[in-house]
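Encoded as structure tokens, the structure appears first; notes follow it.
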Amino acid sequence: MLLKGARSFDPAPFDEISYDLCRRRKDVVIMSADLSKYCQVVRVKNELPSQHLDVGMAEQNLLSVAAGVAKSGLIPVATCFACYITRRAYDQMMVCMGTGSGPGTNREAGPTNIAIGFTPGIANPARIHHQAAEDLGMVRAIPNATVIDPMDSTDFRAALDAAVDRPGLTYIRGHRGDTPRLLDSSEFSFEIGKTYLLRKGKGIGIIATGLGSQWALEASKLLSEQGVDHSLLHVPTIKPVNEDEIVDFAFAHNQIVTVENHQIVTGLGSLVAEIISDIGGGPRVKRFGLPNRWAPGGTMPYIRAQLGLDAKTLANNITERVR
Amino acid sequence: MRNDHRVLDLEILAARIRRNVLEICRQRGGYAAQGVALSDISACLYFDELRPDNEGWYHDRFVLSNGHDAIMTYAALAESGHYTMEELRTYNADGTKVDQSPLEGQLGFEITAGSLGQGPSQAAGLAWGFRQQGMDQRVYCLFSDGELQEGNVWEGIMFAAHQKLDNLCFIVDNNDMQASGHAGDVMGVEPVDEKFTAFGFRARRISGTDMAELLDTFEEARNTKGKPFVMICDTRLWDGIDCLKKALPMAHYTAQSAIDWNKGIKEIETTLTRLEAKRDG
């Protein structure tokens, strides 16, 4: 499922993804709140202006206008930094975008509302205010919402393609800047809720999502070199996740560790722990990710090292767990 | 030229809507004072301004931003036959489908509007989407002066003006009353019309209870090109039923035991009889 050979990178994945989508789907509108350039929405803005809508530096407006656009029959894809699109406009995301579709609402299948949060977690160098370390947990708490944290540009593209045909609210964490192509699109076929086995082994089972899956792959390489057997499961969909696949994976291993670019509370680690503890008698779950304290700012390698999320420390810590 | 019969017919409908508001809210209480005050706007919207479609509903869209004013829609849609009074008497009951503040997708309600201040942006997004697709639907959105204290409202106003959405008409229920008291005492929002004008709207300030004036203002809204329109309606709670205005002038929410419902219904029936006699005579 993973590409072999030297890594290749997409320098601006969403610029291509959004442009290709808008060329195929004339009912899609890419929306911005003064951050088009910083979310890499350039071609759509310049070449397909009728499919681009900027609401100014106003994130609550971004999501409430988007919800109105959705009700007109178009498909809004609201883009912003993850911190603002969730924290600043959470009520609009929940009430305006999230209450029109699915169980407990008035419609089985209502309008499609998509929000993409860029530079999530420590993918932003500016500490605290620009770092969304809790977005997955926030959106996961919204009933009927779909939440996806893709690991590379292939995953990201496929997640958005799935979202445009899905009723209700979908939140996707976006990648920007040099983004690796890791998944082999000839073998990888994205389905909402599905989990993907990237390495099959015994003993330690690593479950990861988003950028955390990239970090876990790096650690996995070191573990393999050290002769430490393990498996690696990529879980792009945080909600609704295929719980049976998580359970089968977890109970096939002695020790589970989770890796995410998100606080270890409310995100993937919490999700996995909740699923396993509901059954009982399962393996211990050790969560790696951002702590529930303010993360430092700076470059990604610096922040990762500070938080023990660099490949070497992560691999060492994972090994520690089985001793 | 205004047709007197048209005005009179709508005044009769407004009186019937007022009576429906009281009949619905007397069961378990509700937002009766606002519903009564908005009955003229409601009659004008649902029986004159919104164009019908071919499926028994409306071609144009009405977006209610302050969800608790849903009573104005229910009471009007009882007259149009979209709801029965039997259904509507379950308003505010446990397990009812007639929510005091309904969710998106219920008949008559485009958005989930209980979290105040989110209607104008959604209405503007809807109007932008219609225009973008070459559709001719007009969008109307009612919100309250209290909501003007929410930042999201002004973001939506700015967007609507920037996009020159002349298929959009805002209706401000400028009743000077919010949960804690007079808007002017809690957090003043005046001068409302000048603020809208400064933001790029065409604004007109009216009573909101004079039918001929309402018809004229809706016509002006329709004829306004190149910018969105707002009508600021200086309504007061219980407008149209003097005895209730006198009895409970400060009601945000009217408890079932707070007023003499029969007295209010009697007054509105007297009004109705007078209007019908005028029509028939």
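The values are calculated or read from the model by the stated rules, or taken from the named source; none is laboratory data. Predicted, not measured: the structure shown is a model, and the values here were computed from it. Glycine also receives a Cβ, built like all others from the backbone with ideal geometry; neighbour counts cover every protein chain displayed. These area figures cover heavy atoms from the full protein model, side chains too; ligands, DNA and RNA do not enter into them. Shrake-Rupley method; radii C 1.70, N 1.55, O 1.52, S 1.80 Å.
Can you give me the C-alpha center-to-center distance between the range B:203-227 and the range B:120-145, rounded to a whole angstrom?
17 Å
Work out how far the C-alpha atoms of chain A reach from end to end along every principal axis, then list the three figures in whole Å, largest first.
57, 41, 40
Loop-only check: which GluC sites (Glu not before Pro) in the range B:182-266 are DSSP coil with at most 13 other Cβ within 10 angstrom?
Qualifying residues, ordered by number: none.
Amide H to amide H under 5 Å from B:Phe62: which residues, 5+ apart in sequence or cross-chain, H placed 1.01 Å off N in plane?
It is B:Tyr140, by chain and number.
Could you give me D for the range B:87-155, from Stokes-Einstein at 20 °C and 1.002 mPa s, where the hydrodynamic radius is the Kirkwood radius over C-alpha pairs? Units µm² s⁻¹, please.
It comes out at roughly 156 µm²/s.
Go through A:Phe118, A:Pro143, A:Ser72 and say which Cα lies farthest out towards the positive end of the charge dipole of the range A:8-181; charges sit on Cβ, +1 for Lys and Arg, -1 for Asp and Glu.
About the Cα centre, the residue reaching furthest to the positive side is A:Ser72.
Just to be sure I understand: of the beta bridges DSSP finds with both ends in the range B:151-251, what percent are antiparallel, rounded to 5?
10 percent
For the pairs A:Lys239/A:Lys312; A:Lys202/A:Lys239; A:Lys71/B:Lys164, flag any whose C-alpha to C-alpha distance is greater than 23 Å. It would help to have the intermediate numbers written out before the result.
Details: A:Lys239/A:Lys312 30 Å; A:Lys202/A:Lys239 27 Å; A:Lys71/B:Lys164 19 Å.
Over 23 Å Cα-Cα: A:Lys239/A:Lys312; A:Lys202/A:Lys239.
Taking H as built 1.01 Å from N, whose amide H comes closer than 5 Å to the amide H of A:Ser32, not counting residues under 5 places away?
Those qualifying (amide H under 5 Å, at least 5 residues apart or on another chain) are A:Leu53, A:Asp54, A:Val55, A:Thr79.
Is the shape of chain B best called rounded, prolate or oblate, per the rule: a/c under 1.5 gives rounded, else a/b larger than b/c gives prolate, else oblate, with a ≥ b ≥ c the square roots of the Cα gyration tensor eigenvalues? Present the calculation step by step, with values, prior to reporting the outcome.
On the way: a/c = 1.45, a/b = 1.30, b/c = 1.11.
Note, shape of chain B comes out rounded.
Can you compute 3J(HN,Hα) from phi for each residue in the range B:156-166, using the Karplus curve 6.51 cos²θ - 1.76 cosθ + 1.60 with θ = phi - 60°, rounded to whole Hz and x for Gly and Pro?
Each residue of the range B:156-166 in turn: x, 4, 4, 5, 4, 6, 4, 7, 6, 7, 7 Hz.
What are the aspartates and glutamates whose alpha-carbon lies under 18 Å from the alpha-carbon of A:Lys45, with same-chain residues fewer than 8 places away excluded?
Partners within reach: A:Asp15, A:Glu16, A:Asp20, A:Asp27, A:Asp34, A:Asp54.
Need one word for the range B:171-230: rounded, prolate or oblate. Basis is the Cα gyration tensor (sqrt eigenvalues a ≥ b ≥ c); a/c below 1.5 gives rounded, then a/b vs b/c decides. Show your work: numbers first, answer last.
Details: a/c = 3.43, a/b = 1.53, b/c = 2.25.
Since a/c reaches 1.5 but b/c is at least a/b, the shape of the range B:171-230 is classed as oblate.
Treating the range B:1-145 as a set of equal point scatterers at the Cα positions, no solvent, please give the Debye-formula log₁₀ I(q)/I(0) at q = 0.09, 0.18, 0.19 Å⁻¹.
-0.27, -1.06, -1.17
Hey, how much of the P(r) for the range A:152-295 falls beyond 20 Å, as a percent of Cα pairs?
That fraction is 47 percent.
For the interface of chains A and B, what total accessible area is buried with a 1.4 Å probe, rounded to the nearest 100 Å²?
Numbers: alone 13250 and 12150 Å², together 23310 Å².
Interface area, both chains combined: 2100 Å², rounded to the nearest 100.
Rounded to the nearest Å, what's the spacing between the alpha carbon centres of the range A:64-119 and the range A:169-201? Just the number, please.
23 Å
Measuring from a point 7 Å past the Cα of A:Val265 along Cα-to-C-beta, which residues in the range A:112-128 have an amide N at less than 19 Å?
The answer is A:121-122, A:128.
Looking at the range A:196-322, send over the antiparallel percent of its DSSP beta bridges, to the nearest 5.
15 percent
Taking the Cα centre of the range A:8-181 as the origin, how large is its charge dipole in debye, to the nearest 20, when only Lys and Arg (+1) and Asp and Glu (-1) carry charge on their Cβ atoms?
Roughly 200 debye for the range A:8-181.
Which whole-Hz ³J(HN,Hα) couplings does the range A:99-105 yield from phi under the Karplus relation 6.51 cos²θ - 1.76 cosθ + 1.60, θ = phi - 60°, glycine and proline marked x?
In residue order, the calculated couplings are 10, x, 7, x, x, x, 10 Hz.
Work out the charge dipole of the range A:196-322 with +1 on the Cβ of Lys and Arg and -1 on the Cβ of Asp and Glu about the Cα centre, then indicate which of A:Phe251, A:Gln306, A:Leu271 is farthest towards its positive end.
Positive-most Cα among the choices belongs to A:Gln306.
Whats the longest run of chain B with zero chymotrypsin sites (Phe, Trp or Tyr not before Pro) that are DSSP loop and have at most 16 other Cβ atoms within 10 Å?
Longest site-free region, per DSSP loop and neighbour criteria: B:58-252.
Using only the alpha-carbon atoms, how far is helix B:70-79 inclined from the longest principal axis of chain B? Give it as 0 to 90 degrees, nearest 10.
Orientation of helix B:70-79: about 70 degrees from the principal axis.
Check A:Arg199: other-chain or 5+ apart residues with amide H under 5 Å from its amide H, H built from backbone geometry?
Those qualifying (amide H under 5 Å, at least 5 residues apart or on another chain) are A:Leu232.
Taking a cut-off of 27 Å between Cα atoms, list the lysines near B:Lys246, but don't count ones fewer than 8 places away on the same chain.
The reachable lysines, counting only those whose Cα sits under 27 Å from B:Lys246, are B:Lys263, B:Lys266, B:Lys278.
Trypsin sites (Lys or Arg not before Pro) within the range A:177-250: which are DSSP loop residues with at most 15 other Cβ atoms inside 10 Å?
A:Lys194, A:Lys200, A:Lys202
For the range B:195-230, state which trypsin sites (Lys or Arg not before Pro) are in a DSSP loop and have at most 10 other beta carbons lying within 10 Å of their beta carbon.
Here the trypsin sites (Lys or Arg not before Pro) that fit, given the DSSP loop and packing criteria, are B:Lys225.
Tell me the angle of helix B:4-25 to the major Cα principal axis of chain B, expressed in degrees between 0 and 90 and rounded to the nearest ten.
70 degrees
For the pair A:Ala252 and B:Thr96, what calculated FRET efficiency results from E = 1/(1 + (r/R0)^6), where r is the Cβ-Cβ distance and R0 = 51 Å, to the nearest 0.05?
Efficiency, from the Cβ-Cβ distance: 0.55.
Over the range B:160-265, what per residue volume does the convex hull of the Cα atoms give, in whole Å³?
117 Å³
Where in chain A lies the longest segment free of GluC sites (Glu not before Pro) that are both loop residues by DSSP (not H, G, I, E, B) and have at most 11 other Cβ atoms within 10 Å?
No qualifying site falls inside A:188-323, the longest such stretch.
Share of antiparallel DSSP beta bridges in the range A:8-181, in percent to the nearest 5?
10 percent
Using θ = phi - 60° and the Karplus relation 6.51 cos²θ - 1.76 cosθ + 1.60, list the HN-Hα couplings for the range A:299-310 in order, rounded to whole Hz, with x at every Gly or Pro.
Calculated HN-Hα couplings, in order: 6, 4, x, 5, 5, 4, 5, 4, 9, x, 9, 5 Hz.
For the protein assembly as shown, rounded, prolate or oblate, judged on the Cα gyration tensor with a ≥ b ≥ c (square roots of eigenvalues), a/c < 1.5 rounded, else prolate if a/b > b/c?
prolate
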